[in-house]
Amino acid sequence: MDTVQDVRPESEREDYVRLFISAFHSSPNAICITSINNNIVAINKAGLKMFGYNEMELIGKDVTILQSKNNLPGLNEEITNSALKDGWEGELLNVRKNSEEFPVHLAKSAVKNDRGQVIAFIGISRDVSDERKMEAELRKAKEDSDNLLSALDKAYRNLKETQDELIRRERALAGGELSAHIAHEIRNPLSIIGMSIQYLESKFEPNDPRREFTDAIIKKVDRLDNITKELITFGRPLKFRMKRHNLKRLLSRILSLIKPRCKAQKITVVKDYCDELQDVLIDDGHMEEVFTNIITNALDVMSKGGKLTVRTELDEAQKKAVVRISNTGHGIPKKDMPNLFKPFFTTKKQGTGLGLAISHRIVTEHKGTILVESKARGRDKGTTFIIRLPA
Ligand SMILES: Nc1ncnc2c1ncn2[C@@H]1O[C@H](COP(=O)(O)OP(=O)(O)O)[C@@H](O)[C@H]1O
Ligand SMILES: [Mg+2]
């Protein structure tokens, strides 16, 4: 610190000193002047008020009387050493006469005479307990709001999870699981009813009029059996056992099963199999279901006769086995096209609307595609389903 030469004339000295004393006591900060041995030489009014002493109690006392024992050891030496160099500024714990500890911000520096010798120290302190209290309160408020926010966040996540779970469950239940479960429950008693009716019918004479009723019941049981089978397939996760199978053989088997119905409906069946087509990797049970669904749908729209064409092709470029199943029935109206593969979409009085939804799922699981082309007007009305499977 540079020394300052007093340039005032002797006559003004006294006024000057009085001004300094007034300024010293008017300061809102505590100012304490200590000897080089750190004994208190002077302390201003703000200081006396802050520490709760009167002047006589402090003058001549070591400055550490104002410091808390809870400061880091050696702090006072550090402050003095720094004050001797460039001054020390920082925070420490002070203690009032009534033993109450409080934080202060202290700036302490050496006082030098005209010749640059250190003759005393001056310390200016400010009670920062209010600031610290406010900071602590702010920190606490922030902590509280952080806690609240994370609790809210957690609650929101829980809610979202519960909601997602509910939606998943509701969908699964509405879409399948529940229906599959019920269908499963129905199937056993249904097969008992079916067998009992068949047994009963076998006891009737061929021209027994009661056969009309047993026939009707058997048809209804068959229908219920189909519906429950579809519901179960739709509602449950599918399992696939992939093996190499010959599509021609698989399709022929299905076509031979529907022969009686085709005959009854006056439907001609055209088979056009591609010889180059190698066996394809499929789950034959599930793919049989797909072809049966599509062929049954075709038969449904040709109640007054028509032509059913089943064709296989090899798409060499794309390495795909292609199966085309066409019928000459009434086509599909444009407005229905986007809904065909949606579950429960049906235009039939007794339909389930699940056949194509299941078929779509199965073909997709085979990494294949299923497409529809249809014409609902003109002379060449009809529909073709095109299934493409990896060859
Ligand atoms: N070959 C077809 N010709 C005309 N319409 C068809 C054909 N195949 C399917 N559809 C239409 O798609 C609907 C859904 O078929 P599907 O999922 O098998 O259910 P369902 O046969 O129980 O109605 C049918 O109700 C029908 O309207
Ligand atoms: Mg169907």
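Read-outs throughout are calculated quantities, based only on the coordinates presented, and are distinct from any laboratory measurement. Predicted model, so just to flag it, every value in this text is computed and none were measured. As a convention, Cβ positions derive from the backbone with ideal geometry for all residues, glycine included, and neighbour counts pool all protein chains shown.
By DSSP, what percent of the beta bridges with both residues in the chain are antiparallel, rounded to the nearest 5?
Values: 53 of 59 bridges.
If I count the DSSP bridges inside the chain, around 90 percent turn out antiparallel.
Report the equivalent ellipsoid semi-axes for the range 10-127 in whole Å, largest first, defined as the square roots of five times the eigenvalues of the gyration tensor built from alpha carbon atoms.
Those come to 24, 18, 12 Å.
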| Euclidean distance between Cα centres, the range 136-152 to the range 229-291, Å | 66
| Where a Cα-Cα gap under 23 Å defines reach, which lysines qualify for residue 219, not counting those fewer than 8 residues away within the same chain? | 203, 229, 259, 263, 266, 304, 348, 349
| query | For the residues 51, 204, 24, what sequence is obtained by ranking on other C-beta atoms within 10 Å, fewest first? | reply | 204, 24, 51
| query | What full-extension length gain, to one decimal in nm, is calculated for residue 223 and residue 163 as 0.36 nm per residue of separation minus the Cα-Cα distance? | reply | 17.9 nm
| remark: Relative contact order as a percentage, the range 337-391, C-alpha pairs under 8 Å and 6+ apart, gives 24
| Rounded if a/c is under 1.5, else prolate if a/b beats b/c, else oblate: with a ≥ b ≥ c from the C-alpha gyration tensor eigenvalues square-rooted, which is the range 243-390? | prolate
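Could you order the peptides 283-292, 128-137 from most to least packed, using the average number of other C-beta atoms within 10 Å per residue? List each step's numbers first, then the result.
Values: 283-292: 19.6, 128-137: 11.7.
The most tightly packed comes first, giving 283-292, 128-137.
What do you get for Rg/Rh of the chain when both radii come from the Cα atoms and Rh is the Kirkwood radius?
On the way: Rg = 49.5 Å, Rh = 30.8 Å.
Reported Rg/Rh (Cα atoms, Kirkwood Rh): 1.61.
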| request: Please give the helix 178-202 orientation as an angle from the longest Cα principal axis of the chain, in degrees from 0 to 90, rounded to the nearest 10. | output: 20
| ³J(HN,Hα), Karplus 6.51/-1.76/1.60, whole Hz, each residue of the range 205-214, x for Gly, Pro | 5, x, 9, 5, x, 5, 4, 4, 6, 5
| Angle in degrees between helix 129-172 and the longest Cα principal axis of the chain, rounded to the nearest 10 | 0
| query | If the cut-off is a Cα-Cα distance under 18 Å, which aspartates and glutamates reach residue 381, setting aside same-chain residues fewer than 8 apart in sequence? | reply | 300, 336, 373
